[in-house]
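For reference, the structure is listed below as structure tokens.
Each value in this text was obtained by applying a stated rule to the coordinates, not by laboratory testing. Since the structure is predicted, the reported quantities are computational estimates derived from the model, not experimental observations. Because the Cβ atoms are built from the backbone with ideal geometry, glycine has one as well, and the counts that use them run over all protein chains shown.
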Amino acid sequence: MDLTLTTDHRRPTPGPGEYLIRVGAAGINFADVMQTHGTYGAGPQAPYVAGFEAAGEIVGVGPDVKSPLQFGIHVIGTGPGAFAQYMTMPAAGVLPVPSGWSDAAALGLVLNWATALAALKPLGEIQAGGTVLVHAAAGGVGQAAVRLANHYGARVIATASPAKHDTVKALGADDVLDSRRPDLAE
Ligand SMILES: NC(=O)c1ccc[n+]([C@@H]2O[C@H](COP(=O)([O-])OP(=O)(O)OC[C@H]3O[C@@H](n4cnc5c(N)ncnc54)[C@H](OP(=O)(O)O)[C@@H]3O)[C@@H](O)[C@H]2O)c1
């Protein structure tokens, strides 16, 4: 798929239930990678403005947003066209950027950390003293999962490419296996 830089894209208009966001930072999510490979089922059809995970400032609000946040507040969320200067986000899905955090630092909270938390806590029912296997532990979701599993007091066995093992250990993994050869423990 071709990627083209355009400079005349029109600023989107927030629809019902949406904010207009001035994008401060956008993340390249695994879904973006899948989208470029044509394997992301729910994704837009070309041509489209790429990106869907961002943090930025509320500069507009569409109709039917209940108790809207003030203009100028920075939020994290998802929506179409995150790799542009302005994008829209469903208001119901945004979270305020934590006080003192930059947009870039807050980016992972809305998808990566939420995905890791959902896998570990309500689905995995993680408990102190338990053991968790985290695949792709050096990736965005994996790094969050390793740190959260540590937080919950579980033993963490991680998989990653050898060049990333030090990163994963520094995050708190107890054992790291080669993701290409998980049968070979170090
Ligand atoms: N990011 C999200 O918000 C989110 C939400 C829901 C679900 N997920 C799912 O969670 C998984 C991880 O996502 P992520 O965002 O953490 O991805 P990521 O940051 O891009 O990390 C992906 C890692 O997976 C490993 N990998 C193994 N086989 C691979 C392959 N064939 N192609 C690419 N990478 C491969 C690589 O680590 P090694 O080199 O160390 O093996 C790579 O660094 C994906 O399946 C994704 O669909 C992600």
Protection-proxy order for peptides 64-73, 172-181, 134-143, each taking the mean of Cβ atoms within 10 Å per residue, highest first = 134-143, 172-181, 64-73
Length gain on complete extension for the stretch residue 115 to residue 9, per 0.36 nm per residue less the alpha carbon to alpha carbon distance?
-> 35.0 nm
Distance (nanometres) between label positions extended 7 Å along Cα→Cβ at residue 70 and residue 135 | 4.7 nm
Hydrodynamic radius of the chain per Kirkwood, over alpha carbon pairs, in Å | 18.1 Å
For the chain, the longest principal axis of the Cα atoms and the Cα long axis of helix 140-151 enclose an angle in degrees, to the nearest 10, of 60 degrees
Summed residue charge, Cβ within 15 Å of residue 51's Cβ, Lys/Arg positive, Asp/Glu negative | -2
Candidate aspartates and glutamates for bridging to residue 66, where Cα separation is under 14 Å - those fewer than 8 sequence places away on the same chain excluded = 18
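Mind ordering 22-28, 97-103 by average Cβ neighbours within 10 Å, highest first?
Details: 22-28: 19.0, 97-103: 13.6.
The most tightly packed comes first, giving 22-28, 97-103.
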Nitroxide proxy distance, nm - points 7 Å out along Cα→Cβ at residue 37 and residue 174 = 3.2 nm
Principal semi-axes in Å for region 1-101 [√(5λ), Cα gyration tensor, largest first] | 24, 14, 13
Report the label-to-label distance for residue 48 and residue 99 in nanometres (one decimal), using points 7 Å from each Cα along the Cα→Cβ vector.
-> 3.8 nm
How large is the helix-only mean residue ellipticity at 222 nm for the chain, computed as the sum of -39500 (n - 2.57) over DSSP H runs with n ≥ 4, divided by its residue count, in deg cm²/dmol to the nearest 500?
-> -5500 deg cm²/dmol
Could you give the C-alpha radius of gyration of region 108-186 expressed as a fraction of 2.2 N^0.38 Å, taking N as the number of residues it contains?
-> 1.00
